[in-house]
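Right, one structure below, let's go through it.
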Amino acid sequence: CEGEPTLVCFALKEEAAAFRKRVTGRTDISVLITGIGRANAARSVREYLRHHAPRHVFTCGFAGGLNPQLQLGEVIFATADAALRERLINSKTRLATFVCVATIATTVAEKQQLRTTTQADAVEMESEVIQAVCAERGIPCVTLRVISDTAREDLPLDFNQLTRPDQSLHFGKLALAIVKAPGKIPALLRLQKQTSFAANQLAAKL
């Protein structure tokens, strides 16, 4: 129904934090933290849609760059909805293609392989299934993502080895990994700054 808030989905609260600050008190926007990966995203969005009928759904958050032209903090999108596509292009947001994967692409080599096999511009882990769920119900959906790590950079750790079965980060494993490799601390701090910058760029565009 027309009165329902637009739904904006993020996998992680860290991705959503900057946007939430900007929309405090807004009743026309609802933010949903889905958890990481297809299964969590599908479950969370289906449950939300059991009780709500948003006019639009945005699936947002970080993405790894596969196209070497994409820069840190660049906001890109994909949608099958012509009206939303026109509005985003007019806002100077770049139209792009995404590949949805089951594990985090952590190295330049992995990103290059994905680029070669899919020709996608960026990689993420939730939007494909959210788009599919919305398509089933005829709800216009936009994937709107920000580049948090470019095609030319490795992540400082293999975060796939530091997660729980539900794909959430296991902080005990992270702490142990840092103890074993303290030389990674500067790169981790740099990544933290990058993701904070990226989250703010995404929030501004949203």
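Some points to look at:
- In the elastic network of the chain, a GNM with C-alpha springs shorter than 10 Å, the most mobile of Val23, Val75, Val133 is Val23.
- Paramagnetic reach from Lys13 in region 164-202 [backbone N under 18 Å; point 7 Å along Cα→Cβ]: 164, 166-172, 196, 199-200
- Residue list for region 125-141, given a label point 7 angstrom along the Cα-to-Cβ vector of Ala82 and an amide N cut-off under 18 Å: 138-141
- Legend: calculated FRET efficiency, Ile89 to Thr118, from the Cβ-Cβ distance at R0 = 22 Å, rounded to 0.05, equals 0.45.
- Reduced Cα scattering model of the chain, Debye log10 I(q)/I(0), q = 0.07, 0.18 Å⁻¹: -0.20, -1.35
- The trypsin sites (Lys or Arg not before Pro) of region 152-194 that meet both conditions, a loop assignment by DSSP and at most 13 other Cβ atoms within 10 Å of the site Cβ, are Arg152.
- The modelled label-to-label distance for the pair Arg55/Gln71, using points 7 Å beyond Cα in the direction of Cβ, is 3.4 nm.
- Whichever aspartates and glutamates have a C-alpha closer than 20 Å to that of Lys180, once near sequence neighbours (fewer than 8 apart) are set aside: Asp154, Asp158
- Spread of Cα-to-Cα distances over 5 Å intervals beginning at zero, given as percent, for region 1-122: 2, 10, 17, 20, 23, 16, 8, 4, 1, 0
- Per DSSP, loop trypsin sites (Lys or Arg not before Pro) in region 55-100 with at most 11 further Cβ within 10 Å: Lys92
- For region 86-152, the equivalent ellipsoid built from the Cα gyration tensor has semi-axes of 23, 16, 9 Å, listed from largest to smallest.
- Going by accessible surface with a 1.4 Å probe and the largest first, Leu66, Leu12 read Leu12, Leu66.
- The chain: calculated mean residue ellipticity at 222 nm from DSSP helix runs of at least 4, using -39500 (n - 2.57): -13000 deg cm²/dmol
- Gaussian network model of the chain, springs between alpha carbon atoms under 10 Å - residue of Ala175, Ala120, Ala63 with greatest fluctuation: Ala175
- With Cα atoms defining each centre, region 133-206 and region 1-71 are spaced 16 Å apart in the structure.
- Choice from Gly37, Gly138, Gly64 with maximal GNM fluctuation in the chain (Cα, 10 Å cutoff): Gly138
- Ordering Lys13, Lys111 by accessible surface, largest first, gives Lys13, Lys111; the 1.4 Å probe counts only protein heavy atoms, with every chain in place.
The values are calculated or read from the model by the stated rules, or taken from the named source; none is laboratory data. It should be emphasised that the depicted structure is a prediction, and the values quoted were computed from it without experimental measurement. Because the Cβ atoms are built from the backbone with ideal geometry, glycine has one as well, and the counts that use them run over all protein chains shown. Each accessible area value is taken on the protein alone, full model and side chains, heavy atoms only, with ligands, DNA and RNA left out. Shrake-Rupley method; radii C 1.70, N 1.55, O 1.52, S 1.80 Å.
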